[in-house]
1. Evaluated at 4 °C with a viscosity of 1.567 mPa s, what Stokes-Einstein diffusion coefficient in µm²/s does region 215-345 have when Rh comes from the Kirkwood expression over alpha-carbon pairs?
2. Enumerate the amide H contacts of ILE318 below 5 Å, restricted to partners 5 or more residues apart or on another chain; note that Pro and chain-start residues carry no placed amide H.
3. Just the Cα atoms of region 73-223, one point each, no solvent: what log10 I(q)/I(0) does Debye give at q = 0.19, 0.22 Å⁻¹?
4. Can you tell me what share of the DSSP beta bridges in the chain is antiparallel? A percent to the nearest 5 is fine.
5. If the viscosity is 1.306 mPa s and the temperature 10 °C, what Stokes-Einstein diffusion coefficient in µm²/s follows for the chain when Rh is the Kirkwood radius over Cα pairs?
6. Treating only the Cα positions of region 10-92 as identical point scatterers, give the base-10 log of I(q)/I(0) from the Debye formula at each q in 0.19, 0.25 Å⁻¹.
7. Would you mind classifying region 1-139 by shape? Square roots of the alpha carbon gyration tensor eigenvalues, ordered a ≥ b ≥ c; an a/c under 1.5 is rounded, otherwise it is prolate if a/b is larger than b/c and oblate if not.
8. Consider a paramagnetic label point 7 Å from the Cα of GLU246 along Cα→Cβ; state which residues of region 270-307 have an amide N under 14 Å from it.
Amino acid sequence: MKVSELTLLQNWFERLAPIGALADGGVTRMGYTDIEDEMHAMFAMFARELGLHVDTDAFGNTFASFDGAPRTDVHLIGSHLDSVPHGGQHDGVAGVLAGLLVMKMCMDEQFMPRVETVAFRCEESSAFDTACVGSSLMLGLIDEAKTKKLKNERGENLYDVLRKRNDAPHPYPAPARFADFLEVHIEQGRILEERDVKVGVVTAIAAPYRFKVVLTGRQDHSGGTPMAMRRDALCGAAEVVLAAEETALSFKGIPLVATVGVVHNAPNALNTVPGETELRVDVRGIEDASILRAVEQIQSKVRRIAARRRLEYRIETIATYPPVDMDGTMRDAIERAAVTVDAPHLSMYSGAGHDAMRMALFVPTGMIFIPCRGGISHNPDENVDLLDVARGARVAYETLRELARNAS
């Protein structure tokens, strides 16, 4: 890798680091907030420093392009700049900066395809309980009615948030103007690191099926209520958490995981038997049939646990998405590009969701994974080697050259 590329990446990361920074080194950069605005403003500054043109669509997504370049048949590269609460510095950001680095490589080597880098808004589901908001809005996958239902932690719905922002109208039609999409991203796991492989060629992106479980028992005094007389909602919820884990573990040899990542307990007082507990369950896999089978098994266990513990229950689907395959031509081009730059690589699926899974519904899409240290992500300790970011950018650049050769 060129020293100038690493220096540039280091400069970019250092200038972004204070935005949304927390005392322990983590960051909170929630979608459609002032903090995310700062991230996009800094991205725009980096792009202009490279001599690129910058514009923003009606949903706050930011694009960097070559000034005067045609705005059709564009090879789009990018990712997102928001984070989960108390997250890391590199999730999404590495892919956006890799996109800018690809554009610099194009200028340096006088290879000027129709390429743009995008920074999507609000990819993380922690802001509005749905993932990939910016890319979904751009693609028309979220209509006005849904924006009025999606709410953030302050109770504001997405429709009102977008109206208050008063973003500029989109200057060109999307997605018709895009030829394809390429996303560089940290793996968010440790397969690459443990196998000492530098590039992951993503074959498919797992889909989440997310649902809410609300268990209602009876709120009582913890000292005055004998154990046998209790209808403890939290104890029932604890069984549901373990039931989700047990179910996912039973799918041996099938790529599937289940996580209970949210627990709301009421009244959440030390001297009170919990009267109501809400859980949010996330089931992911790359096969529709196995995902639905796992969801049904977990929900069946919820019903049995509730009956045995004399609890009322409510199950509510939050969101469902289909697993998405990456385009075969894009995968082949990435593999050949990895060989060109002498980067050890392997084919793998992504257990995490990405903007690429939305883009793949409309245009040929590929994903390049790079290692993250210890496989740690969504964590203040998330870290990545700048060499790996630069290598991912070089593979993306060579992928563009492969696509250009195939088109000629």
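The values are calculated or read from the model by the stated rules, or taken from the named source; none is laboratory data. What you see is a predicted model; the values in this text were computed from it and never measured. As a convention, Cβ positions derive from the backbone with ideal geometry for all residues, glycine included, and neighbour counts pool all protein chains shown. Protein only, heavy atoms only, side chains kept; ligands, DNA and RNA dropped before computing areas. Shrake-Rupley method; radii C 1.70, N 1.55, O 1.52, S 1.80 Å.
1. Translational D for this selection: 75 µm²/s.
2. ARG210, PHE211, LYS212
3. Log-scaled intensity ratios, in q order: -1.38, -1.56.
4. 70
5. Values: Rh = 22.4 Å.
For these conditions, the coefficient is 71 µm²/s.
6. Ignoring solvent entirely, the Cα scatterers give -0.87, -1.30.
7. Oblate.
8. Residues passing the 14 Å test: 297-307.
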